[in-house]
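All remarks here apply to the structure that follows.
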């Protein structure tokens, strides 16, 4: 089962790679751009911590840890679930019919049937960062937290993409919800206060993507660890539920959106 | 004049078709401001300093409000339009109009700016004035700010057009555009005021085009410069516009020859 | 009559890279590209006079599009000369296109997201057309082509034919002296094609507009053009009046017959049976020797006919015939 899945995946990766080679210079630049984009952010925080040493209790090492987690979960989810951010488009343009015809889990197959080769740049970058800041002792915890954060990112993508079932043209909105959540997750959790912090740990799950994992790696707290795992299970169940609820609507042909 | 109003009307109207894009920014802008608000509040509280790199907390927040405002006004993705047109060949439609390619795209871009001003910038201004207590500069600096933003609109166009011209050779320039976006966010001063960089960097930035897109207009509004400095800065800004204009003009000739298969 | 276009010894060589399929070849091509050279035009010369409707015909890849591109101003030839409306198209592009109208069958020239009427108004401003002239020209064209309602819907929601008609209007609003139509009837149904052709004829008569039309469709050529230029393999094989070539090579017609019940073997003088099975007969008729009417009468009286289709030989056949004639020239 797993081997079969990986083989299918290798095929998708090959397709993505061949397409990329068609525009050779763009291909090279694009790979570099992925890394470059991450580097710019690191420089930003270097400048920041050079001036302040401490932002809301976080030091440079914590920030690098946050980036290691974010780039890894972002990268892994784009390599293995390349259609992550295209759910709205697929629903909206009626391409879902193709997946409905397959005798497989619809959501899973939608997600894996594309691979974004460029995500590999993020994965490599995340691994390098992790090497720099991570102690060997916390490796297993780190891996569990990366998986958790990948699952939350995926759930956010599924939830925002499922908007298309209910509102038709939701491509831009869905993408922006995803990117917005990601950008909220790119700052130290400790700077947020009060209601905002509460929101970031509930409605907008940005806190659990990066902030809570970093805090856990700084000093382990069993309560927060299980809370994180519980949250992953919860949001993933909600996301799956919403998707299939939408799918029901799609199948019964209630979609108001008409394509010409 | 008719030629240009016609083309800018098309930019305006196309913008209306894609108005969903504008509503998205109604969420995006407040969200970004919330992030920066908390980030800086926490920093000011922890450090206990009144003024950091030349900005009070209030000014720092206004800096980001203005950054959103100016950024929205000068937003330019003409390079993406060019990339599309060249990839699918529809660019020939532009070549069949009796107006130069650079002027055509400029008019459409400008028409879109007008729409942006009406439905995006005015709301930001109203909210800033009435709810965020953004203090207004003196009349003189207010006028200079408007001038600087106007020049920034031109500068960003000619710069972006130059970036877009690479598509005539590379066909696909997504990668280049990504690098551009990352570098610009930094060097314009959109992520952090440029006063955070070491002084040597800052003096280099003065002679690069990027700070004139955001950082300089914002600081004119905040009256961070003496009048004589503003004059120098606006002159450098103008020189960059001219430089990119001439690069755009010259390189377009080569790009067109390349497109039309010259020299084979 | 004065010539509006003069083309002398126009040559064009294209350079393209080739790539084999598969991932490893894709990677190889990243470092090492093989190029191929293709001669699209091998030195063609022709002249076109004001007010003519000229049909430009030839099979795919013959060099039609390349010539149209050179005349539109976005193709630099390898060598040779073009003077069109007094300009060298690729050198004086902006001034030249002010008097040019172009319809490219495959490319989007209308604003995709907006109603066509917006593109029309754009033409008004871009070409500086006076309000009153604009209104009367627009009304005239829109009425003839049945676009009154359609032009208010966004272009992306139009049918292929409607789009094509709108493109034609956009290309003609500024009353250009020269109009280039590249495969204009793609996507049009029979009725629309008729209207389209009548319209072009009318504009040609009314404004003395010169048209160059590339097409595969022999009927279109017959309905519209007095003069034709046939191009094959980058060379002009015929440049002259349509009626001359018709006399020589379009003397044959094909008749396809479908039968209700099985029929005997067909036989008639000056007719060649190309193919016959139980319910179908395909006949080639030499029309200089026998009238089509006569053949059909014979068919109707001898068979239980379900359907009859009469057609011209495809353009490829005519070109083959021309090549088979002594020196490749007519």
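Throughout, read-outs are computed from the coordinates displayed, never taken from laboratory work. Just so it is clear, the structure is predicted and the values come from calculations on it, not from any experiment. All Cβ positions, glycine included, derive from the backbone under ideal geometry; neighbour counts span all protein chains shown.
Relative to the longest principal axis of the Cα atoms of chain B, helix B:2-17 runs at roughly 70 degrees. For region A:158-234, the Stokes-Einstein estimate of translational diffusion at 20 °C and a viscosity of 1.002 mPa s comes to 158 µm²/s, using the Kirkwood hydrodynamic radius over alpha-carbon pairs. Convex hull volume of the C-alpha atoms in chain C, normalised per residue: 209 Å³. Computed over chain A with a Gaussian network model linking Cα atoms closer than 10 Å, the most mobile of A:171, A:11, A:89 is A:11.
Out of every Cα pair in the protein assembly as shown, what percent are spaced more than 42 Å from each other? That tail contains 48 percent of the Cα-Cα pairs.
Considering the zone a paramagnetic label at residue B:47 would reach in this model (a point 7 Å from Cα along the Cα-to-Cβ line), which residues of region A:24-61 have amide N under 19 Å from it? What the label zone holds, given the 19 Å backbone N cut-off, is A:42-61. Derived value for region B:2-259: Kirkwood hydrodynamic radius 19.6 Å. Basis is the mean of 1/r over every pair of different alpha-carbon atoms. For the Cα atoms of chain B, what angle does the longest principal axis make with the long axis of helix B:57-74, in degrees from 0 to 90, nearest 10? For helix B:57-74, the angle is close to 10 degrees. Across chain C, the mean sequence separation of Cα contacts (distance under 8 Å, 6 or more residues apart), normalised by length, yields a relative contact order of 19 percent. Among C:124, C:291, sorting on how many other beta-carbon atoms sit within 10 Å of each Cβ, with the fewest leading, yields C:291, C:124.
Tell me, A:42, C:57 in order of fewest to most beta-carbon neighbours within 10 Å?
A:42, C:57
Full extension of the segment from residue C:261 to residue C:202, taken as 0.36 nm per residue of separation minus the current Cα-Cα distance, would add 16.6 nm.
For the residues C:210, C:67, C:288, a GNM of chain C with alpha-carbon springs under 10 Å puts the largest fluctuation on C:288. A helix-only calculation puts chain A at -24500 deg cm²/dmol for mean residue ellipticity at 222 nm, using -39500 (n - 2.57) for each DSSP H run of at least four residues, averaged over all residues.
In terms of other Cβ atoms within 10 Å, B:238, A:150 run from fewest to most in the order B:238, A:150. Antiparallel beta bridges, as assigned by DSSP with both residues in the protein assembly as shown, represent about 70 percent of the total such bridges. Rounded to the nearest 500, the helix-only mean residue ellipticity at 222 nm of chain C stands at -10500 deg cm²/dmol, with each DSSP H run of n ≥ 4 adding -39,500 (n - 2.57).
Measuring r between the beta carbons of residue A:249 and residue C:60 and using R0 = 60 Å, the FRET efficiency lands at 0.80. Taking chain B as a Gaussian network of alpha-carbon nodes connected by springs under 10 Å, the highest mean-square fluctuation of the residues B:92, B:251, B:134 belongs to B:92. Based on Cα atoms of region B:171-259, Rg over Rh with Rh as the Kirkwood radius reads 1.06.
Note on A:173-186: average number of Cβ atoms from other chains within 10 Å of each residue's Cβ is 2.
With each run of n ≥ 4 DSSP H residues scored as -39500 (n - 2.57), what mean residue ellipticity at 222 nm is computed for chain B after dividing by its residue count and rounding to the nearest 500 deg cm²/dmol?
-24500 deg cm²/dmol
Whole-percent P(r), region A:50-127, all Cα pairs, 5 Å bins from 0: 3, 15, 17, 15, 12, 11, 9, 7, 5, 4, 2, 0.
Each residue of region C:252-311 gets 64 Å³ once the volume of the Cα convex hull is shared out per residue. As a calculated quantity, the FRET efficiency between residue C:282 and residue B:253 at R0 = 51 Å, using C-beta atoms, amounts to about 0.35.
Averaging Cα coordinates gives a centre for region A:65-87 and one for region B:1-61; these two points are 27 Å apart. Apply the Debye scattering formula to chain A, with a single equal point scatterer on each alpha-carbon and no solvent, then give log10 I(q)/I(0) at q = 0.08, 0.09, 0.17 Å⁻¹. Reported log10 I(q)/I(0), two decimals: -0.34, -0.44, -1.40. Considering only DSSP beta bridges where both residues belong to chain C, give the percentage that are antiparallel (nearest 5). Of all bridge pairs located within chain C, approximately 70 percent are antiparallel. Computed from the Cβ-Cβ distance with R0 of 60 Å, the FRET efficiency linking residue B:227 to residue C:146 stands at 0.40.
If I fit a long axis through the Cα atoms of helix A:24-52 and take the longest principal axis of the Cα atoms of chain A, what angle between them do I get, 0 to 90°, rounded to 10? With rounding to tens, the tilt is 40 degrees.
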